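Have a look at the structure below before the remarks.
The values are calculated or read from the model by the stated rules, or taken from the named source; none is laboratory data. Note that the coordinates shown come from a computational prediction; the quantities given were computed from them, not determined experimentally. Because the Cβ atoms are built from the backbone with ideal geometry, glycine has one as well, and the counts that use them run over all protein chains shown.
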Amino acid sequence: MAAVRRSLRQRLVFALVGLSMGSVGLAGLITVVAARPATKSAAVNDLKRGLAAEADRDAGPLRTIARIKADLLANQVALTAVLPDGTLAQPGQTLPRTGAAGRFLRNRPGVAAALTALPNGITRNDLKPFDLAAGKVESGTKGSIVWVAQPLTATAEGTLVLVATRRIGFFALGRLGGILAVAAVVAALVGVAVSLWLVRRLTRPLQAMERTARAIAGGDLDARVGHTDADDELAAVGTAIDTMAAELSRHRSIERAFLMSISHDLRTPLTSIRGYAEAVAEGAADDEESRRRAATIIEAEARRLERLVADLLELARLDAREWVLHPGPVDIAEVVRHAAMAFEPAARDAGLQLVVAGEPGPVIAVADPERLAQVVANLVENALKYATTTVEVATRAGPPGLGGVEIGVADDGPGIDPEDLPRVFERLYTSRRQPGRKVGTGLGLAIVRELVSAMGGRVSVSPTAEGGTRFVVALTAAPGPEAGATRGPQPGGSTSSHTTSDGSSSSWSAWASSSSSSTTPPAEGSSPSSSSSPSGRDTAGG
């Protein structure tokens, strides 16, 4: 038989009610144990008062032992005597004259009265005959029994003694017991009421969270837990769920925009390829020059498709962590120089000047050289897309005290709109305000962010003073004596600078005071270029 599953609400109710009832019971038990000595003392005093009243009646008519027992609420009442020789009379021993003893025991006139045995639990050793003969009242406790011995008026035959006992039960508290019972009931009811209120307060936001989570799982990303009047952990969980839903909704919008961009970027080259292929097939390109031009365009668009698919696969592998890094101490300057100079032909074709600058000597940091080259290539490609005249790449030591190595890629383009800065590294995001040349696929910066994060570094973007954009990649310096091998200006060092046609000059001095540079001149017929110290410019994709 399957076990009955109770809801959290039921379990909380049972737990809290049980806890409150248990607390009341434990408090009652402690009270009983603590009040037990006082209860025994009260019982002794009660017996003393009753027996003292009987002693006062000693001169007058006395009542029977049975009647005394009933009035005192005693368990047992016995009649013994202290003989003139100071000893206690034996049970059943008779006195020469019946006197008061006979009246207590209701024996017939003229018949000697036999004394009774001591109450159960009381022995002869518990009584002190001389003190009793002197008229002193004795009392005591033995386990759960309290007893009182009350001497009566002494006679020539001896001193009669009434001994009464009362058994105190574990929960016998007298009037205090009634008060405690009422208090326990009231406390239990209050505990139940508070438990039900607390359970409702706890489970109501949980139920709202459950409904919201189910709605989100069903695809309703607009569902929200809503604000509560609480300021506790449950409210924090509700806020976290609402934040998660908002982020999921935002990412869904990004995903839709991503799919639309992918569809557009796939459709455009495919349409071009199809159009030129149909033109060739239908004989529209009937001369050698037309066919060569169609083949060139088809090849270019095919390469564009190939690059787009390769970048998508690269991002998919990055997302799935299905790739391996091989980090180690690397001469960052050398890797950056080779990766950047590979774009000399592209820069020349675009009429741009590509400047690669850096401090002399090795710049050692921990990185995967292949992945780092990919990062630099994507940043340079992105800069070529927006630069006006110049793209500059430089490597330098990190800020003093922090160590590490920084790689900067700058362009002198129109810059990134402040509203676009937070979205620069989103996939396929392209600024609508600053369209650039058709270079890359729009996925390069997203790949840069993933690769740099995987290598334990960080990448940032900021505008330059001249209006362009600077991307900075910060990597961890390699441990050991070679760490942070980049240095400040060396004696006799030079600063890389390039003079523009109007005589103005700009330099990388902010990045590398002592530098060597490799410069790609602009293509013939293009306007003279200047390195206006842009430092990395890029909005969207690369």
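Some observations on this one:
- Among the conditions (1) at pLDDT below 80; (2) touching a helix residue (DSSP H, G or I) at 6+ places or on another chain (Cβ under 7 Å); (3) surrounded by fewer than 15 Cβ atoms within 10 Å (Cβ to Cβ), the only one that residue 97 does not satisfy is (2).
- Filter result for residue 68 (modelled with pLDDT of 80 or more, assigned to a helix (DSSP H, G or I) and in contact with a helix residue (DSSP H, G or I) (Cβ under 7 Å, 6 or more places away or on another chain)): yes
- The condition (being surrounded by 15 or more Cβ atoms within 10 Å (Cβ to Cβ) and not in a helix (DSSP H, G or I)) is satisfied by just one residue among 279, 285: 285.
- Here 187, 208, 213 are screened, and the one residue that is part of a helix (DSSP H, G or I), outside the structural domain of residue 26 (by TED's automatic domain parsing), under 19 Å from the mean Cα position of the chain (by Cα) and surrounded by 15 or more Cβ atoms within 10 Å (Cβ to Cβ) is 213.
- Any chance residue 123 is modelled with pLDDT under 85 and hydroxyl-bearing (Ser, Thr, Tyr): no
- Residue within region 134-143 that is farther than 21 Å from residue 50 by Cβ and outside any loop (DSSP other than H, G, I, E, B) present: no
- Residue within region 205-220 that is at pLDDT below 85 and not aliphatic (A, V, I, L, M) present: yes
- Qualifying residues in region 374-392 (those that are surrounded by fewer than 24 Cβ atoms within 10 Å (Cβ to Cβ) and of a type in the set (Val, Ile, Thr)) - the one farthest from the chain's Cα centre (by Cα): 389
- Residues of region 192-205 classified as polar (S, T, N, Q) and surrounded by fewer than 15 Cβ atoms within 10 Å (Cβ to Cβ), total: 0
- Filtered by the rule that a residue be part of a helix (DSSP H, G or I) and surrounded by 12 or more Cβ atoms within 10 Å (Cβ to Cβ), region 216-247 gives 216, 234, 235, 237, 238, 239, 240, 241, 242, 244, 245, 246.
- Entirely in region 360-417, the strands (runs of 3 or more DSSP E) that have 3 or more residues that are touching a residue at least 60 places away in the same chain (Cβ under 8 Å) and out of contact with any helix residue (DSSP H, G or I) (no Cβ under 8 Å at 6 or more places or on another chain): 390-397
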